[in-house]
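**Student:** Sharing a structure with you now.
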Amino acid sequence: MSNDVVSFVLLSHEQALRRRMDIAANNMANVNTIGFKREQAAFREEVERVRDAPVPDARNTSFVLDYGVVHDSSPGGFQPTGNPLDVMIEGPGYLSVDDGSGGTAYTRAGALHVLPDGKLGTTGGRPVFDGAGRAIDIPADQAAGLAIASDGTVSTNTGPLGRLAVTVFDELRVSSRGDGLSDGAGGRILTPPETRLKSRGLETSNVRPIVETAAMIEIQRAYQSSMDMSASLDAMRKQAIGRLSRID
């Protein structure tokens, strides 16, 4: 395998390590974010055949390609708040919310309240949707008696007003938007018997600082080793060029 091919392999490795570091740093930054799910990088192998490899075993060369990000779906802890409109999703799934442009976004942050326009929404001002993709309207004279049942039904003393939609996805089809919400594709809305919400509290982040810190140290060491190898290859090239220049 030529030095040039080795350099490209090292470069792909370093790019993958940089991606892992960015994700680990983002996890650490969200350790106190309600409902945040730890992210992990997903990579795939790209094998290319090098015809001029010096030995047959070196002809298949593996490169690292960034495939995407997956979310760790393990639950966070339950943080009691006493607020009847705070909910935690027990198990997989996301609340559906208005993304502000006519579409739907998703969140695990279940800190809900009645918005100024009378709709039930998030602390970020996004109305939450029911199973039909409609906002849940709260009559002004009933806002004080709201409750959310374990199946997502929003009700007052006079009866139900709607049911929160909880949508589940293949985690590879969920991507963070960077505003505390996520985009998703190919999801399925859970039926009432499948839906499990726990009210009067919120889900904490499932990020474990010790794990992320250890991962960041490991990534830094691997990156430094790759850089050292790149420097050694560069020194070998310079040495070879120097020797060739002295040949008459």
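No value in this document is a laboratory result; all are computed from the given coordinates. All figures in this text were calculated on a predicted structure; none of them were measured in a lab. Every residue, glycine among them, receives a Cβ derived from its backbone with ideal geometry; neighbour counts consider all protein chains shown.
**Student:** Restricting to Cα pairs below 8 Å that are 6+ residues apart, what does the relative contact order work out to for the range 102-248? Please round to a whole percent. If you can, show how the numbers build up before the last one.
**Tutor:** On the way: 162 pairs, mean separation 26.1, N = 147.
It comes to 18 percent, rounded to a whole number.
**Student:** Given the Cα-Cα distance of Arg177 and Asp117 and 0.36 nm per residue of separation, how much length would full extension add, in nm?
**Tutor:** Numbers: separation 60, 0.36 × 60 = 21.60 nm, distance 2.52 nm.
Extra length from Arg177 to Asp117 when fully extended: 19.1 nm.
**Student:** Among Thr191, Ser96, Val114, pick out the residue whose Cα is farthest towards the positive end of the charge dipole of the range 78-203, where Lys and Arg carry +1 and Asp and Glu carry -1 on C-beta, about the Cα centre.
**Tutor:** Thr191
**Student:** Test of understanding: ordering Ser7, Ser96 by Cβ neighbours within 10 Å, fewest first, what list do you get? Intermediate results must be reported in sequence, preceding the final value.
**Tutor:** On the way: Ser7 15, Ser96 24.
Ranked by crowding around the Cβ, least crowded first: Ser7, Ser96.
**Student:** Rounded to the nearest 0.05, what FRET efficiency do Tyr67 and Val31 have when you use their Cβ-Cβ distance and R0 = 35 Å? Let's see the in-between values first.
**Tutor:** Details: r = 25 Å, r/R0 = 0.72.
About 0.90, to the nearest 0.05.
**Student:** Related question: Starting from the Cα of Lys119, draw a straight line to each of the lysines and keep only those under 24 Å, dropping any in the same chain fewer than 8 residues away.
**Tutor:** Cα-Cα hits under 24 Å: Lys198.
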